[in-house]
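S.K.: Pasting in a structure now, in structure tokens, and then I'll have a few things to ask.
No lab work stands behind these numbers, since they all come straight from the coordinates. The structure displayed is predicted, hence computed values, not measured ones. All Cβ positions, glycine included, derive from the backbone under ideal geometry; neighbour counts span all protein chains shown.
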Amino acid sequence: MNTGLKIPHGEDKVKVELTVKELMVLAGARFPNNHVLEVAARKKLNEVLEQTYEIEAGGSRDALSYDYLN
């Protein structure tokens, strides 16, 4: 049984503009006194995801149609 998740257009490419520090934070680097970097980087990723899939910013993900593979 394959429980993979199929995401429409999942292989499409998107561009996200990050600073070097934001990229480092997402890669696992720690900046102990600057949690704002991680928040800013994740916010940028979420904004691109919302724009790409036209997701409403209220957490509703009805615009995405997920198909489970059997």
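S.K.: Spelling out what I want: for every residue of region 26-42, take phi, set θ = phi - 60°, compute 6.51 cos²θ - 1.76 cosθ + 1.60 (Karplus), and round to whole Hz; glycine and proline get x.
M.R.: Per residue, the Karplus-derived 3J(HN,Hα) values read 5, 7, x, 5, 10, 10, x, 9, 9, 5, 4, 4, 5, 4, 5, 5, 5 Hz.
S.K.: So, one more: In straight Cα distance, which lysines are under 16 Å from Lys15, not counting same-chain residues fewer than 8 positions off?
M.R.: Within the straight-line cut-off, Lys15 pairs with Lys43, Lys44.
S.K.: Moving to a separate point now. Label points 7 Å out from Cα along the Cβ direction at Lys43 and Leu5: separation in nm?
M.R.: According to this spin-label approximation, the distance is 2.5 nm.
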